[in-house]
Amino acid sequence: MEQERHNFGENKWLTMFVVVIGTFMAVLDASIVNIAIPKMMQVFAVGTKEIQWVLTGYMLAMGVVIPITGYIGDTYGYKRLYIAALFFFTLGSALCGLAWSNNSMVAARVVQAIGGGMMMPASMTIIYNTFPLEERGMALGIWGISVTVAPAIGPTLSGYLVEYFNWRLIFTINIPIGIFGIIMASLFLKESVRQPHAGFDFPGFITSAVGFFVLLLALSKGSDWGWSSATTLFLFWLSALSLTLFAYFELKSPEPLLDLSVLKSPTFSMSLIITMINTIGLFGGLFLFPIYLENLRGYPPMDTGLFMLPAALVSALVMPIAGRLYDRVGAKPVVLLGLTLAITSSYGLSHININTELWRVQILLVLRAMGIGFSMMPVNTAGLNSLPTAKVGRASAINNTMRQVSSSLGVAIITTIVNQRMVLHSSRLAEGLNQNSPAFQNTVNFIKSGLSAAGVSPLAAAKGAPAVLAMRIYQVAYAKAIADAVLVTAFFMLFAVVLVFFLKEERYGQAKREKQENLPLAEF
C-alpha cells in the first residue's frame, strides 16, 4: 500500500535535485548578504541602525511565514507550495537587485524571505514523502548538504562578487537559477494528495505571527537595546502572551494552523528538544570564528570564507553517511558519535588565543563540522519517522520554526557571553598594567621602537604606543571571550548527549500504524 501511495520510482533522485536547488538558494541568501552590507551602506547613504534591517527583516519574515507552510502544503499541495516559494524567492531576488534605497531593499528582502521561509519545510516534506522508509535517513542527509554548505560558500561567493564585479549580483544571480528551478519543479515534481480544510485558522495565524515576530526581534536586538531594557522586556512579555494564546487556540481549533498533537509523540518531542539544543550549541557558535579570523587575525572576508570552506565540505560529505548509518543502526549511535566529536573539538577550540596556529584552528573546525554532520539530520529523521505521514508537513513546519527560534536564541546567548566575558578579561588585563612599572615602560618602549622602525615619527610613535597597547589588550580579551563562549556551547551539547539516551526510536512503527489505520499518505 505504501508503494502505491508514494512516488518511490525512478524520479526520486530527480526530485531530490529539484528541491535541493531551492533549499540551497534560500539558505545561501541568509548569509551571502553580510559581506555586501558595507557597500550597501555607501550606496544607500545609511548607517548601521538602518542597514541592519536588511538582515533582521529577512529573519523576522521567515519566522512569520514558516508556521503556516504546513497548512498551505496540506491544503493546496506541496508541489504548488514549493513552486510558489521559488517564485516569491526569485521575485524578491530581482527586487533586491533593483533596490534604489534602504527601505526598498528591506521590502524586497521581506518578499524574498516569504519564499525562503516556505522553501525549507516544503522541501523537507517532499523529500520525506518521496523516499521509502528505509532510505529516508540517507535522503534527508543528502538534502541537508545544502543546509551546511550554503552558509560557508555564502561569504566566499559574496566577497568575490563584491570585490571583482557588482554587489547586486549576489541577488540577481538567483534569477536564472530560480526560473530553472520553477521549470524543473513544474515538469518533474508530482503533486501531493491534498487535504482540504474547512477554514483558515486566523486566531492561530495572528497569535503565531505576533508571537514569533516579537520573540525573534527581541532576541536579535536584545544585545543592542539591553536585555533588561523596557523595550526588550515588553517584547518578551508580548511574545509569551501571544504564544500562550496561540497554544490555546491550536488545542481548541478543529482545523489548527500547527497541529500540536504531534507533540504527543515522545520521540518527536524529544527529537525537537535535542534539535533545539544542538542548534543553540552547534550553530550558535559558528558565527564566532569569522569574527576571530577577520577582527583578530586580520583575514579579509573572502579569505575567511575559504578558510571555513573545508569544514563545510566535510560536513556535507558526512551528512549522507550519517543518513545511511541511521537507516542501518538507528539514530542514537550516530548522534552520540557526532556530539562526541563536536564536544571534543569545541573543548579544543576553547583554548585558542590570539597566537594559536591557524592550522590547529582549522582542524578543530573540521572535526566540529563532522560532529554537526553526524548529529543533526538523524535526530530530525527519527522524530519524523515516529509520526503518520499525513502529519509530516505540519511537523516539519514546527521543526523549522523551532530551529529558527533556537538559532536566534543561540546567537543571542553567545553574543551576550562574549560581550560580558570581554569586559571581564579586559578589566583583568588592565589591572595587571601599572604605568609606573618597568614592565609597562619596557612594553611601551618596545612598541615605540617598532613604530619608529616602520617609519613613524618619534612624536607620533610616542602618542601611538598606548593606543597600540590598548588595541592589543582588546584583541587578547576578545580572543579569551570567544574561547569562553565556545566552551559554553560544549556544555549545551553535553546536555544533548544526556537527552539522546531518552530518545525512543520508532523507525518502523509508523509504517505499521499507517497500514492499520489506513491514514492518507502524501503522493509525490
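Every number in this text was worked out from the coordinates using simple rules, so none of it is lab data. Since the model is a prediction, treat every value here as computed from it, not as a measurement. Here the Cβ is made from the backbone with ideal geometry for all residues, glycine too, and neighbour counts use every protein chain on show.
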Output ³J(HN,Hα) for the range 492-502: one whole-Hz value per residue in order, computed from phi by the Karplus curve 6.51 cos²θ - 1.76 cosθ + 1.60 with θ = phi - 60°, and x for Gly and Pro.
4, 5, 5, 5, 5, 4, 4, 5, 4, 5, 9
Quick one: what do you get for the range 201-254 if you divide its Cα Rg by 2.2 N^0.38 Å?
1.23
Each label sits 7 Å from Cα toward the beta-carbon; between Trp225 and Leu336 the label points are separated, in nm, by 4.4 nm
Label Ser104 and Arg428 with points 7 Å out from Cα along Cα→Cβ: what is the distance between them in nm?
5.2 nm
Expressed in nanometres to one decimal, the distance between label points 7 Å along Cα→Cβ at Thr244 and Trp13 is 5.4 nm
Length-normalised contact order for the range 201-254 - Cα pairs under 8 Å, 6+ apart - percent
51 percent
With a cut-off of 8 Å between alpha carbons and a minimum separation of six or more residues, what is the relative contact order of the range 157-313 in percent?
21 percent
Residues Arg368, Arg297, Arg328 arranged by fewest to most Cβ contacts within 10 Å:
Arg328, Arg297, Arg368
Given R₀ = 41 Å, FRET efficiency for Lys39-Phe188 by Cβ-Cβ distance, to 0.05?
0.60
Entries of Lys391/Lys504; Lys252/Lys391; Lys12/Lys264; Lys49/Lys480 with Cα pairs more than 22 Å apart
Lys12/Lys264; Lys49/Lys480
If we count other beta carbons within 10 Å of each Cβ, what is the order of Ile363, Ile126, Ile32, fewest first?
Ile363, Ile32, Ile126
Arranged by the count of other C-beta atoms within 10 angstrom, fewest first, what order do His351, His425 take?
His351, His425
